[in-house]
Amino acid sequence: MTTAEENGCHDDDHFGVAVVGGGIVGLALVTGLLHRGVRVKLYEKTSAFRPIGAGIGFTPNTQQALQLLNPGAFAAQQKVTTANGDPKNPNDWLLYLDGYSSDVEELIFKLHAGYRGFEGCVRADFLDEMLKLIPPEIIQFNKSIVDIVDPGDGAKVQMHFKDGSTAQADVVVGCDGIKSRVRKLILGESHPAAEPSYNHQYALRDVVPMDQAIEILGDFKARNRHMHLGPGGHVVTVPIAHGKMINVVALIEDPSDWPDPTQLTRKGDGQKAIEAYKDFGAPVRNLIKAMIERNPTPDLWGIFDSVDNPTPTFAKGRVCIAGDAAHATSPHHGAGAGMGIEDDLVLSTLLANVALFSKLNRAAAVGAALNAYSHVRKERSQWVAESSRVIGQVLEWRYPETMRDWEKCQAELTWRSHRIWHWDQQAMLQEAQSAFQKLLGSVE
């Protein structure tokens, strides 16, 4: 068995954080901790980084949180994102089209996101830029977490991996995604919130070269973010790779149960996807056909979230969860990654405070910090997951309060989006610090 020392993990005297999971949220947390001088190790279960999904969007609050988390991470995001329209004069509107009633695709409502407020990029490009901020020796691959033991006596937390190796740290943060093993270890295997719930939607995802996208959608629609709406489904198109291609996400309502809840994707029948959009206008129909021509048996991505059984706590002892591991959400707000980045901001700030404590008081400080984090982040992130479900219904004309009343649709979308985007990150950090001090006082 490999020992903690052989594994290059944290020694007994120095404060150290273990991050489990090398997705966007895990990598961002590592950069935030490094920026604050906190020792950290990242444990990734795969043999190399494999970004899930082609594109990622950055809402205004996400950009603000990134800048506070680590200016280098924000610079990485700015380097790889693609502006809507003309990069020298970006179009900062999110445009919602009737993609169903005719081939014209009439603009039915729009939402202003602020200057470069909502832009996308190729997920792998952002990951590559983030990795430039992280020394390679901090990352260990092929480390699939099996168990975590918190002795509760001040000794370090022990991690046990599938390959038989072990490691130790003062705190373990699970950023291991929607099917989180760390969440199960915190809550228990049989807890209702241990597994996410199928949202009865699945998505087709692909990237389409810009010249083909222009041929199908026209120049303006191809170079600007659009939502093509209709009953029972909608399609999101976002320019990425500095205008070389568009990211396409096509959502399809699904009354059936997901066949294998242990898997987030399954192989699909391209003809069924074409059939699902057969009554939409020509732009959407042709876009779906182009995707299926590229891949006749596309991967279908099940939309899972934590709305039916929200996680009751994000922390237990000196172990916590962040991002989708804590509050999985559907993609309709485009805010899932942003919620994880906000988690990272709170965690890195509080854990930087904990790093100043002596070894004697460290365990109590970690517990207080993680409980403060859970207290501050739970309500907002779980509301976003609930609201994202609602927006999915609004965009498919099946939300009872809005249906096909475009003014009501716009009003619903606006207030919900603004609640996410116009978030006071500094006030959140002050609340977290206050909660930390209060909880710390109660255990001293």
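Only one of the listed residues (GLU401, GLU412, GLU407, GLU396) is among the acidic types (Asp, Glu) and touching a His at 6+ places or on another chain (Cβ under 9 Å). That residue is GLU396.
If you go through region 74-100 and pick out every residue that is of a type outside the set (Phe, Trp, Tyr), touching a strand residue (DSSP E or B) at 6+ places or on another chain (Cβ under 8 Å) and either under 11 Å from HIS226 (Cα atoms) or not in a strand (DSSP E or B) (or both), you end up with 12.
Checking LEU42, LEU29 one by one, the residue that is more than 30 Å from VAL238 (Cα to Cα), among the aliphatic types (A, V, I, L, M), assigned by TED's automatic domain parsing to the domain that holds GLN158 and at pLDDT 95 or above is LEU42 and no other.
The residues of region 338-355 that are surrounded by fewer than 24 Cβ atoms within 10 Å (Cβ to Cβ) and either modelled with pLDDT under 95 or polar (S, T, N, Q) (or both), listed by number, are THR349, ASN353.
Restricting attention to region 399-428, the residues that are closer than 22 Å to ASP279 by Cβ and in contact with a strand residue (DSSP E or B) (Cβ under 8 Å, 6 or more places away or on another chain) add up to 2. Of all residues assigned to region 194-204, none qualifies as being crowded, with 19+ Cβ neighbours inside 10 Å and closer than 21 Å to ILE138 by Cα. If you go through region 172-208 and keep only what is of a type in the set (Ser, Thr, Tyr) and in a strand (DSSP E or B), you end up with SER197, TYR198, TYR202. LEU187 meets the conditions (1) surrounded by 22 or more Cβ atoms within 10 Å (Cβ to Cβ); (2) under 30 Å from THR46 (Cβ atoms); (3) among the aliphatic types (A, V, I, L, M) in every case but one. The failed one is (1).
Only a single criterion out of (1) within 22 Å of VAL208 (Cα to Cα); (2) of a type in the set (Asp, Glu); (3) modelled with pLDDT of 95 or more is not satisfied by GLU106, namely (1). Could you tell me whether any residue of region 65-73 is within 30 Å of LEU300 (Cβ to Cβ), in contact with a strand residue (DSSP E or B) (Cβ under 8 Å, 6 or more places away or on another chain) and crowded, with 20+ Cβ neighbours inside 10 Å? The answer is no, given that none of the residues of region 65-73 is within 30 Å of LEU300 (Cβ to Cβ), in contact with a strand residue (DSSP E or B) (Cβ under 8 Å, 6 or more places away or on another chain) and crowded, with 20+ Cβ neighbours inside 10 Å.
Considering ALA385, ALA363, the condition of being more than 18 Å from the chain's Cα centre (by Cα), of a type in the set (A, V, I, L, M) and part of a helix (DSSP H, G or I) is satisfied by ALA363 alone. Contact map, region 420-433: residues that are assigned to a loop (DSSP other than H, G, I, E, B) paired with residues that are surrounded by 12 or more Cβ atoms within 10 Å (Cβ to Cβ) and basic (Lys, Arg), Cβ distance under 9 Å, separation 6+ or inter-chain. Pairs shown: TRP423/ARG380. Of all residues in region 400-423, those satisfying the criterion of being surrounded by fewer than 18 Cβ atoms within 10 Å (Cβ to Cβ), of a type outside the set (Val, Ile, Thr) and closer than 14 Å to PHE109 by Cβ are MET403, ARG404, ASP405, TRP406, GLU407, LYS408, GLN410, ALA411, TRP415. In region 353-360 there is no residue that is in contact with a Pro (Cβ under 9 Å, 6 or more places away or on another chain), in the same structural domain as VAL319 (by TED's automatic domain parsing), touching a residue at least 40 places away in the same chain (Cβ under 8 Å) and closer than 25 Å to VAL17 by Cβ.
Contact annotation: residue pairs with Cβ atoms under 6 Å, 6 or more positions apart or on different chains, pairing a residue in region 159-181 that is on the phi < 0 side of the Ramachandran plot with a partner that is in a strand (DSSP E or B) and of a type in the set (Gly, Ala, Ser), are MET159/ALA167; ALA169/GLY16; ALA169/ALA18; ASP170/GLY16; VAL172/ALA18; SER180/GLY174.
Farther than 25 Å from ASP170 by Cβ, of a type in the set (A, V, I, L, M) and at pLDDT 95 or above, is that true of LEU66?
Details: farther than 25 Å from ASP170 by Cβ: yes; of a type in the set (A, V, I, L, M): yes; at pLDDT 95 or above: yes.
Yes.
TRP397 fulfils the conditions (1) in a helix (DSSP H, G or I); (2) surrounded by 16 or more Cβ atoms within 10 Å (Cβ to Cβ); (3) among the hydrophobic types (A, V, I, L, M, F, W, C) except for a single criterion, (1). From the list HIS375, HIS333, the one residue that fits, being assigned to a helix (DSSP H, G or I) and either more than 30 Å from GLY154 (Cβ to Cβ) or touching a residue at least 60 places away in the same chain (Cβ under 8 Å) (or both), is HIS375.
Quick grid of which residues meet (1) under 25 Å from the mean Cα position of the chain (by Cα); (2) over 30 Å from ALA315 (Cα atoms):
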position: ALA193; (1), (2): yes, no
position: SER197; (1), (2): yes, no
position: GLN201; (1), (2): yes, no
position: LEU204; (1), (2): yes, yes
position: GLN212; (1), (2): no, yes
position: LEU217; (1), (2): no, yes
position: LYS221; (1), (2): no, yes
position: GLY230; (1), (2): no, yes
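Checked against the criterion of being among the small types (Gly, Ala, Ser), closer than 25 Å to ALA337 by Cβ and without any contact (Cβ under 8 Å) to a residue 24 or more places away in the chain, region 189-209 contains one or more residues that satisfy it.
The set of residues from region 115-171 being among the hydrophobic types (A, V, I, L, M, F, W, C), farther than 30 Å from ILE420 by Cβ and assigned to a loop (DSSP other than H, G, I, E, B) comprises PHE141, ALA155.
The values are calculated or read from the model by the stated rules, or taken from the named source; none is laboratory data. Quick caveat: nothing in here was measured; it's all calculated off a predicted structure. Here Cβ is always computed from backbone atoms with ideal geometry, including for glycine, and neighbour counts include all displayed protein chains.
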